[in-house]
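Undergrad: I'd like to ask you about the structure that follows.
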Amino acid sequence: MRITHWGRTLCAAMAILAMDGHHFHPLAAPASEAVNLSDNSDGRNWAAYGRTYGEQHYSPLTDINAKNVQKLGLAWSLDLPPGNVVTQPLEVDGTIFFTVGNSIVHAVSVTTGKELWVFNPHANEAAGDRVRASWGSRGLGYWKGKVYTGTVDGRLIAIDAKTGKEVWSQQTLQPGDDRYITGAPRAFDGKVIIGHGGADSADIRGYVTTYDAETGKQLWRFYLVPGDPAKGFEDEAQAMAAKTWFGEWWKYGGGGNVWNSFTYDADTDTILMGTGNGAPWNQRVRSEGKGDNLFLCSIVALDAKTGKYKWHYQINPGETWDYNASMDMHLAELKLDGQMHKVLVTAPKNGFLYVIDRTNGKLLSYGQIAEKVTWATGIDLKTGRPIETPDARFPNGKTFVLFPSMNGAHTNLPSAFSPKTGMFYMSDAENGVALNDVGIDTAHWRRRPRGVHDFGVNIDMDPPGSPKPSSNLVAWDPMTQKAAWRVPTPSLWNGGVMVTGGDLVFEGLNDGNFNAYDAHTGKLLWTFKTEVPVFAAPITYSVNGQQYVSVLAGSGLSAGVMASVLPLKVDYRTEARRLLTFKIGGTTPLPPATPYELKAVDDPDYKSDAAAAARGRVVYGGGCFVCHGLDTDAGGGIAPDLKMSTVPQSAEAFDSVVRQGALIPNGMPAWSELTDSQMNDLRQFLRSRAAELRAKHPATN
C-alpha cells in the first residue's frame, strides 16, 4: 500500500407485524431452532448474529423500556484476557457464548456471571505466519445444541454448547492460500454457511461454502468471481460473470469475498450474501479498467438447498474504491407505492441506503444516508446503476477526493431495523480520502509478496481542506428515504446498534459510554460509563422472566489503525476487556480500569540515524501499522505500543519475535521474509519513535 500522507486520521466505515407491546414472560423449556430464529420469535433467546434469520438486530422484549431504562444497572461483569472483543455474543437458554481474540470461545452463565467453559482452537498457532490482516472474530452461529465458530486459519468448528468439546471441524480454505475467517457463521435449516476475508492482502477469489450442521459434510460451494477461463467454469453463473471481466483478471484473484453479511430468507428458501470489494481496488489493474466485474460489491441470492444462482443486484459496478456490500442486510415487508413488498434493506459503504425487492433483486428505492457523497450524484431507478461523477475513477493522473472514504459511511458494525417503528438505525461516519494511481504501472502491477495491504492506488489519508471526521447515530425511514433523526457521536467508528420493542436503541461509543436512546426521537435516556471503547453490538434476552442486556466492552478489529482518531485511548497491556450484563435494578459496581499512560523506556545504546529510521518507517507502513497503529500510535488497544517496548533494543529478541514468530500464540505473526537490512531499519524506526517519546516524557524502566 502506498501511503502518501500519514495524517491525523485514518479513513480506513412497512414493517412485518409489530409486537403489541405486552411484556413477554418466556417459557422455561428450550425453544426449537425454527422458533428461535424466526423474525417473529418471542425474543427469549438471541441465537444468531442478528438474533433471527432476517438479521434485524431487533428484539421484541419490552420489560426494559423507555419509561424504566433509567433504572437499568450492572448485574455483573466478567474480566477477559487480551484479544479482540468486538464480537456479537449469542445467548441461548441462560448461557452467553462469545469469542475473545482469534476464536477462543467462552460460555458464561447469565444468572451467575460465571464462566462455564472455554474452547481454544489454537488458531494463531495453526495460522503461523500465513495470516497477517485478521483481527479476530465478529461472532458465532448456533444450531441444535452446537456453537459454530470460524478461525483465522480457515476452519469451521462445531462445539457442543453444554460441554465446550469439539463435535466436528472442517477446513474451508484451499491449500496454500492466505484467506482467513473473521465473520460469524450463519446457521439455517440444518446448514451452516461461511465465507472468508483476505482479498486485500492476497490474490484470491471469493467463495462461500455450506455444510451440514450436524455432520460437517460439505453441501455446496459458490464462487463470487470467475476463475481462469482456460480451466472451465464451475457453473453457468461463473460463465455469465466472466463476460464482465477483462484482461487476465484471474491472476489477481479479483476479490468479492463474503467476509461478513449473510441473510436467510425462509419465505423463499434463499441465502442472500453481501459481497466484498475488488482486489486489487484499482480496476485498471485487475480488469483493464473495464466491465462490471460480477459479483463484486453485490447482493447475490442463491437457492439455499443447492447453492444455485437466483439473482443479483450490483451496488457498485466495476468497484474501484474499496466499497463493498458486506454490511447487514435486514429483511422486512414495506408498503411502497401502495403495494406491499418483501424487501431487503441495506446501507453499504458508499453512502446510500437501498431498498431491494428480495424476490427478484429489483431496486425499489434509495436514499443518500451520508451527508456528503462525491463519487455519484444518485442511483438511476430504471437501471439500478449509480450515476458516477466524471472524475470518480481518478482518470489521467487526477487525484479524486472520495466521500465517503473506504471506511464507509457505514461500517460492518451492525445496524438494526425495528418492525415496530419501521426505522433503520445505524452509526454513520463522515470522512474523506484522496486517491490516485500516479506512478503506478497499472499494466504490469503485481501485489507485493505477502503484502498485508496492497491496493494498486495511492492513498492520502488526510487530504488538504478535508473537514474533521465526524459521525452520527441515525434513524432512517426506508419508506420516505429521509432521516427521522440524527444524534452526533464522537469521531469515527462507534459501536454496533440494537433496537428493542421497548422503544430503545442501544449503542456503545468509542469514548467509553454505553447509551440507550429513545427509538422515536433519538433522545438520550441512559448512559453507563464503561471506561473503555465499546465497538461490539449489544444483545438482549430473557432468563427466568428477567430481561437482560449484555455487551462486550473493549477494543478490537481495526481499532489499531483508528487509534489516532479515538477520543479514548487504551493500552493493549492494561486495557480492561469485559463482558457487561445489565438488568433493571442492577447495583453491581464496575471495577476501575487502569488509565492510559504513555511511559517511555530508557535506551542507553540508542544512536540517531534519520536515514535508517525513514527506511524503517516504510517497512513499518507495509504491515505493522494495521495492529500497532499509524506511526506506532497504538492507543487502539489491539497490540502493544512499540514505543514502550524494550524488544527493539535487542537485535536477537527482535528477530525472535518478528521473523521467528516467538509470539505467534499471542497473535503476533512472523515476518520471515524481512531481510537483515529491513530488520535493522525497522528497529531504528521504532527506537527513534521511543526517543521522541522520551523527549516528551521521562523514561521509566
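The values are calculated or read from the model by the stated rules, or taken from the named source; none is laboratory data. The structure displayed is predicted, hence computed values, not measured ones. Backbone-built Cβ (ideal geometry, glycine too); neighbour counts: all protein chains shown.
Undergrad: Restricting segment 459-471 to residues that are among the charged types (D, E, K, R) and in a loop (DSSP other than H, G, I, E, B), which is farthest from Ser672 (Cα to Cα)? Give the steps one after another, and end with the answer.
TA: So the first thing to find is which residues in segment 459-471 are among the charged types (D, E, K, R), and the list is 460, 462, 468.
Adding the requirement that they be in a loop (DSSP other than H, G, I, E, B) leaves 462, 468.
Numbers: Asp462: 32, Lys468: 39 Å.
Looking at the filtered set, the residue picked out is Lys468.
Undergrad: In segment 214-237, how many are in a loop (DSSP other than H, G, I, E, B) and of a type in the set (Phe, Trp, Tyr)? Steps first, please.
TA: Narrowing segment 214-237 to residues in a loop (DSSP other than H, G, I, E, B): 214-217, 224-228, 232-235.
From what is left, the residues that are of a type in the set (Phe, Trp, Tyr) are 233.
Adding up the residues that qualify gives 1.
Undergrad: For residues that are buried (at least 16 other Cβ atoms within 10 Å of the Cβ) and charged (D, E, K, R), scanning just segment 343-379, find the one that is nearest to Thr275 (Cα to Cα).
TA: Quick first cut of segment 343-379, residues buried (at least 16 other Cβ atoms within 10 Å of the Cβ) only: 343-359, 361, 363-371, 373-376, 379.
Retained after the next criterion (residues that are charged (D, E, K, R)): 349, 357-358, 371.
Details: Lys349: 12, Asp357: 18, Arg358: 16, Glu371: 24 Å.
Taking the candidates together, the pick is Lys349.
Undergrad: Please indicate, with yes or no, whether at least one residue in segment 445-458 is outside any loop (DSSP other than H, G, I, E, B) and modelled with pLDDT of 95 or more.
TA: Taking segment 445-458 as the starting set, the residues that turn out to be outside any loop (DSSP other than H, G, I, E, B) are 458.
Checking which are modelled with pLDDT of 95 or more leaves us with none.
Within segment 445-458, not a single residue is outside any loop (DSSP other than H, G, I, E, B) and modelled with pLDDT of 95 or more.
Undergrad: Further question on the same structure: Restricted to segment 405-421, and to residues that are modelled with pLDDT of 95 or more and out of contact with any strand residue (DSSP E or B) (no Cβ under 7 Å at 6 or more places or on another chain), which residue is farthest from Thr320 (Cα to Cα)?
TA: It comes out as Lys420.
Undergrad: Sort out which residues of segment 156-187 are in a strand (DSSP E or B), crowded, with 22+ Cβ neighbours inside 10 Å and at pLDDT 95 or above, and write them in order of number. Walk me through it before giving the result.
TA: Start the filter on segment 156-187 by keeping residues that are in a strand (DSSP E or B), which leaves 156-160, 166-171, 180, 186-187.
Those left that are additionally crowded, with 22+ Cβ neighbours inside 10 Å: 156-159, 180, 186-187.
Scanning segment 156-187 gives Leu156, Ile157, Ala158, Ile159, Arg186, Ala187.
Undergrad: Please go through segment 352-374 and give me each residue that is within 23 Å of the chain's Cα centre (by Cα), within 19 Å of Asp328 (Cβ to Cβ) and not in a strand (DSSP E or B), ordered by number.
TA: Within segment 352-374, Ile369, Ala370 qualify.
Undergrad: Filter segment 608-640 down to the residues that are more than 23 Å from the chain's Cα centre (by Cα) and part of a loop (DSSP other than H, G, I, E, B), then identify the one that is surrounded by the fewest Cβ atoms within 10 Å (Cβ to Cβ).
TA: The qualifying residue surrounded by the fewest Cβ atoms within 10 Å (Cβ to Cβ) is Ser608.
Undergrad: On to the next question. Just to be sure before I move on: is Thr244 among the β-branched types (Val, Ile, Thr), under 30 Å from Tyr142 (Cβ atoms) and in a loop (DSSP other than H, G, I, E, B) in the structure I sent? If you could, list the steps in order and put the result at the bottom.
TA: Values: among the β-branched types (Val, Ile, Thr): yes; under 30 Å from Tyr142 (Cβ atoms): no; in a loop (DSSP other than H, G, I, E, B): yes.
So Thr244 fails the test.
Undergrad: Then there's this: In this structure, does Val565 turn out to be modelled with pLDDT under 95, out of contact with any strand residue (DSSP E or B) (no Cβ under 8 Å at 6 or more places or on another chain) and surrounded by 19 or more Cβ atoms within 10 Å (Cβ to Cβ)? Explain how you work it out, then say what you get.
TA: On the way: modelled with pLDDT under 95: yes; out of contact with any strand residue (DSSP E or B) (no Cβ under 8 Å at 6 or more places or on another chain): yes; surrounded by 19 or more Cβ atoms within 10 Å (Cβ to Cβ): yes.
It is true that Val565 is modelled with pLDDT under 95, out of contact with any strand residue (DSSP E or B) (no Cβ under 8 Å at 6 or more places or on another chain) and surrounded by 19 or more Cβ atoms within 10 Å (Cβ to Cβ).
Undergrad: I'd like the residue in segment 96-141 that is of a type in the set (S, T, N, Q), out of contact with any Phe, Trp or Tyr (no Cβ under 6 Å at 6 or more places or on another chain) and not in a helix (DSSP H, G or I) and, out of all such residues, is modelled with the lowest pLDDT. Don't jump to the end; show me each part of the working.
TA: Within segment 96-141, the subset of a type in the set (S, T, N, Q) is 99, 102-103, 109, 111-112, 120, 124, 134, 137.
Applying the additional criterion that residues be out of contact with any Phe, Trp or Tyr (no Cβ under 6 Å at 6 or more places or on another chain) yields 99, 102-103, 109, 111-112, 120, 124, 137.
Then keep just the ones that are not in a helix (DSSP H, G or I); that gives 99, 102-103, 109, 111-112, 120, 137.
On the way: Thr99: 95, Asn102: 83, Ser103: 88, Ser109: 98, Thr111: 95, Thr112: 95, Asn120: 96, Ser137: 87.
The residue in question is Asn102.
Undergrad: Mind listing whichever residues of segment 197-221 are over 22 Å from Gly136 (Cβ atoms) and hydrophobic (A, V, I, L, M, F, W, C)?
TA: Within segment 197-221, Ala213, Leu219, Trp220 meet the criteria.
Undergrad: Residues Lys305, Lys290: which one is among the charged types (D, E, K, R), closer than 30 Å to Gly397 by Cα, in a loop (DSSP other than H, G, I, E, B) and at pLDDT 95 or above? Let's see the steps before the verdict.
TA: Values: Lys305 fails: closer than 30 Å to Gly397 by Cα.
The match here is Lys290.
Undergrad: Any idea which of (1) surrounded by fewer than 22 Cβ atoms within 10 Å (Cβ to Cβ); (2) out of contact with any Ser or Thr (no Cβ under 7 Å at 6 or more places or on another chain) is the one Thr574 doesn't satisfy?
TA: Single failed check for Thr574: (2).
Undergrad: Provide a single number: the residues in segment 375-408 that are of a type in the set (Val, Ile, Thr) and not in a loop (DSSP other than H, G, I, E, B).
TA: Residues meeting the conditions: 4.
Undergrad: Here's another thing I want to ask about it. Here is a list of conditions, (1) surrounded by 24 or more Cβ atoms within 10 Å (Cβ to Cβ); (2) at negative phi; (3) at pLDDT 95 or above, and Thr270 meets all of them except one; can you say which number that is?
TA: (1)
Undergrad: Which ones in segment 271-293 are closer than 13 Å to Arg205 by Cβ and in contact with a Ser or Thr (Cβ under 6 Å, 6 or more places away or on another chain)?
TA: Answer for segment 271-293, where residues must be closer than 13 Å to Arg205 by Cβ and in contact with a Ser or Thr (Cβ under 6 Å, 6 or more places away or on another chain): Thr275, Gly276, Asn293.
Undergrad: Then there is this: I'd like the full set of residues that are more than 22 Å from Gly636 (Cβ to Cβ), of a type in the set (A, V, I, L, M) and surrounded by 23 or more Cβ atoms within 10 Å (Cβ to Cβ), limited to segment 73-91.
TA: Passing the criteria: only Leu90.
Undergrad: Quick check, is Ala202 of a type in the set (A, V, I, L, M, F, W, C), modelled with pLDDT under 95 and more than 25 Å from Pro89 (Cβ to Cβ)?
TA: yes
One line per residue, one yes/no per condition, for (1) of a type in the set (Gly, Ala, Ser); (2) modelled with pLDDT of 95 or more; (3) outside any strand (DSSP E or B):
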site: Phe295; (1), (2), (3): no, yes, yes
site: Ile299; (1), (2), (3): no, yes, no
site: Pro317; (1), (2), (3): no, yes, yes
site: His330; (1), (2), (3): no, yes, no
site: Lys335; (1), (2), (3): no, no, no
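Undergrad: Let me ask another. If I filter segment 657-671 for residues that are in a helix (DSSP H, G or I), of a type in the set (D, E, K, R) and surrounded by 13 or more Cβ atoms within 10 Å (Cβ to Cβ), do I get at least one hit? Before the answer, list the steps.
TA: The first filter runs over segment 657-671 and keeps only residues in a helix (DSSP H, G or I), leaving 657-658, 664-666.
Next cut, of a type in the set (D, E, K, R) only: none.
Checked segment 657-671: no residue is in a helix (DSSP H, G or I), of a type in the set (D, E, K, R) and surrounded by 13 or more Cβ atoms within 10 Å (Cβ to Cβ).
Undergrad: Going residue by residue through segment 53-66, is there one that turns out to be at pLDDT 95 or above, charged (D, E, K, R) and surrounded by fewer than 23 Cβ atoms within 10 Å (Cβ to Cβ)? Steps first, answer last, please.
TA: Here is the first cut: in segment 53-66, the ones at pLDDT 95 or above are 53-66.
From what is left, the residues that are charged (D, E, K, R) are 55, 63.
Then drop every residue that is not surrounded by fewer than 23 Cβ atoms within 10 Å (Cβ to Cβ), which leaves 63.
Yes: one or more hits.
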